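Report on the following structure.
The values are calculated or read from the model by the stated rules, or taken from the named source; none is laboratory data. What you see is a predicted model, and the numbers here were worked out from it, not measured in a lab. Cβ atoms come from the backbone with ideal geometry, glycine included; neighbour counts cover every protein chain shown. Only protein heavy atoms, including side chains, enter the accessible area calculation; ligands, DNA and RNA are left aside. Shrake-Rupley method; radii C 1.70, N 1.55, O 1.52, S 1.80 Å.
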Amino acid sequence: MWKTLCVVTLATLAILGGAAAKGEHEYSLHDPVSLFVNSVGPVTNPNEKYSFYHLPMCQPPTVQHKHETLGEILEGDDLQTSLYDLRFRVQIQWQGLCKLHLDGEDVNQLINAIENYFFFEMIYDDLPVWGFIGMMEDNEVTGEREHYLFAHLHFSLTFNGPHIIHVNVSADQGQAVLLERGKGQIVQYSYSAEWTQTDVKFADRMQIYTEYNFFQRELEIHWMSIMNSLVLVLLLVGFIALLLVRVLKRDFARYQGADTEKGVDADADDYGWKVVHADVFRMPSMPSLFCSLVGNGVQLFALFFSLLVLAVVGVFYPTNRGLMQTAAIILYALTSFIAGYSSAALYKKLNGERWAWNLVQTSLLFTGPFFVIWLALNTIAVQYRSTSALPVGTVMVIVMIFVFVGFPLTVVGGIAGRQAAGPFAAPCRTRNIPREIPSMPWYREGWVQVLAAGFLPFSSCYIELYYLFASLWGHKPYSLYGILMIVFFILIVVTSCIAISLTYFQLAIEDHRWWWRSFFCGGSSAGYVMLYAVFYYVYRSEMTGTLQTAFFFGYNAAIAFAFWLFLGTVGWWSSLVFVRKIYSDLHLD
């Protein structure tokens, strides 16, 4: 699988090469540089985006749309031409943009936008520019809240040789226009520009977007928290491993001693995990579904790992808009081969016969629920006329990628998996009649184990979850992919140890139904991730409205489902290796 994963990652890197190219970006004095307007929306709702000209703004007679990449469309971008004329290194003291006649409805729309803290986004030489539409201020005399529209924008730009390094926009509050609800008025929009030279190199101009949200002390605290979690996890894993080794040594000594004294027909007098040796490798119920879950889990592991590798080597950066979304779609389609291979190979080992249905089930198990969630969210976005709604053309492109790349690769991988799969080769023979499961106290029941299993893996990564949520559902760019890679492997190790421990405890009470239990125990931390999403929405964010709430919980549910598949597969596979090992070392006739 690792060879396939390397090939898939390199292929994705080659495909993204054109999309990630920065271009020359070299200009001469007085050269025109296009300023594209993108979107407006509430600062607290990152997914509630509207076209810039959704508000009454100055616009050219013919608005032209810039050609956008797949990732930019998925981001909800809508780049359009504007009336701003910011030529390279040309100082502008004051320049009129347009004189706009606003009626009462236009004024009310602007006031509502100001009350909801609307901000705009523009793009200049591939650099993002942000600013607020206006501001609110309490009148000291009347005590009423007044709304001011920022009619004059000042652009501060820096350059180094022929390159633009940075651009910032600020509003001149002295030229802000007082708006009165329901009353039409004439607004004169204007702008100015100031160019200054800097020593920052063009290759380093993106660093400001990755550093301004992480002050040095905050970064040190972040690293210390991760290192603290790493040390605690290593100690805990070491303790669990030592405990299991000591317990297993005692069990092996007891079983071997009993066999020497009483012979091999001592099962009736034995207790513990040995007595279920004839049932422990009994095939799970619903084998086709189980194999499809495992196949999707392996695919999602490959997807997450490849994305992290691309991120660590520097393919993604904050201003390369939508490149990670594009990479995720390409990687998901290419790793469909891994899903088909893993599912079909395991299904063949379990003596499955409906292999065609198994491949269809594998292909639709994750994409089906995700499509239903997306369809509901996209319908809501269309009703709100938000740019977050995907156009029909983009939807058709994604569907074609799945139909003509993803599904065929799943079938090809399934055929290869069936041909390459050997027999299951269990170290113990399975009896025809299942052994009766003894009664157990409530705290040893399966649902209790599943609930408890997810707490420790979640606690090993919850610190990083805050930064991820602040990036996904806020305006803080995320760039500490090295830390994320460490947390990714910590999560895998902790999930494996917990799944192995709980599987041992389950077998020790003579309950041989470990296949599904280990999968649910491994994936149970996804439930804690969803609970953290609820906590983040209520206590850590200021998101409001139907659109943003639906996007937040809808996509977080899809993310939690993906983590359940991925971590469930980790838990099951770890338990399988463990069970094979202990029963292979058990001498049975």
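Results, tabulated for the structure shown:
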read-out	value
Within region 322-366, tally of residues that are buried (at least 22 other Cβ atoms within 10 Å of the Cβ) and assigned to a loop (DSSP other than H, G, I, E, B)	2
Region 64-91 residues that are more than 29 Å from residue 195 (Cα to Cα), paired with ones that are in a loop (DSSP other than H, G, I, E, B) and open to solvent by 60 Å² or more (accessible area, probe 1.4 Å) (beta carbon under 8 Å, 6 or more apart)	73/391
Tally, over region 278-289, of residues that are touching a Leu at 6+ places or on another chain (Cβ under 8 Å), open to solvent by 30 Å² or more (accessible area, probe 1.4 Å) and assigned to a loop (DSSP other than H, G, I, E, B)	1
Tally of residues being open to solvent by less than 80 Å² (accessible area, probe 1.4 Å) and not in a helix (DSSP H, G or I) across region 370-416	6
Residues located in region 513-549, provided they are in a helix (DSSP H, G or I) and closer than 30 Å to residue 278 by Cα	515, 516, 517, 518, 519, 520, 521, 522, 523
Criterion violated by residue 268 - all others in (1) closer than 26 Å to residue 437 by Cβ; (2) in contact with a helix residue (DSSP H, G or I) (Cβ under 9 Å, 6 or more places away or on another chain); (3) modelled with pLDDT of 75 or more; (4) open to solvent by 20 Å² or more (accessible area, probe 1.4 Å) satisfied	(3)
Selection within region 290-321 - hydroxyl-bearing (Ser, Thr, Tyr), open to solvent by less than 10 Å² (accessible area, probe 1.4 Å) and modelled with pLDDT under 95	306
Those helices (runs of 4 or more DSSP H) lying entirely in region 417-510 with at least 2 residues open to solvent by 70 Å² or more (accessible area, probe 1.4 Å), at pLDDT below 90 and not hydrophobic (A, V, I, L, M, F, W, C)	462-472
Failed condition for residue 83, given (1) open to solvent by less than 40 Å² (accessible area, probe 1.4 Å); (2) closer than 18 Å to residue 155 by Cβ	(1)
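Okay, residues lined up against (1) polar (S, T, N, Q); (2) open to solvent by 70 Å² or more (accessible area, probe 1.4 Å); (3) assigned to a strand (DSSP E or B):
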| site | (1), (2), (3) |
| --- | --- |
| 71 | no, no, no |
| 94 | no, yes, yes |
| 98 | no, no, yes |
| 110 | no, no, no |
